[in-house]
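> Have a look at the structure that comes next, please.
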Amino acid sequence: MLDEIRSLVDDGAAIVVADALAVRQWEAALAGARTGRVWPSSAIVAYDTWAREWWSEAGGVALPLSRAQSRALWRATVAASPEAERLVGIDGPAQWAAAAHHDLGQALVDPGDLQALGSEPDFAAFLRWCADYRAVLAARGWTDDARLAADLLSAGAPQPRTLVVAEPLEQ
C-alpha cells in the first residue's frame, strides 16, 4: 500500500487524512521507505486544512470559522435557547450538538430537512439549535467545517486535483 500511495504523491495527488497526527504518521511512513537522501515534499494534509484550501481556491466568499469559533457559537446558541434553563450545563449539550451537526454536514445531510417526532424533544431541540446556529452563520457571512463540503458542492466549485483519502496507519 505504501508504494501505491508514494506513487500517487509523486504524481501530484493530495493525500487527505483525519488530522495532524495522521499527517505526521503518513509522512514518516513514506519517508522511511524512501531510498536516497532527498525526495519531494509530500502533499499529505489534514482534512480541515484541505477543505479550507479548496474553499480558498474555489473563491469561497463566506468566512470559515475555526473550530474554537464554531464551538463558541454553539455554546452561545444553546445558552440562548429555551431549553437552556432546564440543562445542567451548556458545554456538554453544545459539544454534542456541534458534533452531531458536523457529522450531518460530512454526510451532506441538511438538518433543515429533518423533523422530530413528538416523542423526541431532545431531537427537536437539536434541530432548533441547528436552525438558530445556521441563521447566525448566514446572517454574518460565515460557514463552518460542517458546511464547507456541502457549500463547495452546491456552489459548483471545481473539483480538486487527484485526491486520496487515507485511513490511519496501524500501529
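> With every protein chain present, what is the per residue accessible area of the range 56-129 (1.4 Å probe, Å²)?
Value for the range 56-129: 62 Å² per residue.
> Something else about it: Write down the Å³ per residue value for the convex hull defined by the alpha carbon atoms of the range 95-157.
83 Å³
The values are calculated or read from the model by the stated rules, or taken from the named source; none is laboratory data. Model, not experiment: these values are computed from the prediction. The area values use the complete protein model at the heavy-atom level, side chains included, leaving out ligands, DNA and RNA. Shrake-Rupley method; radii C 1.70, N 1.55, O 1.52, S 1.80 Å.
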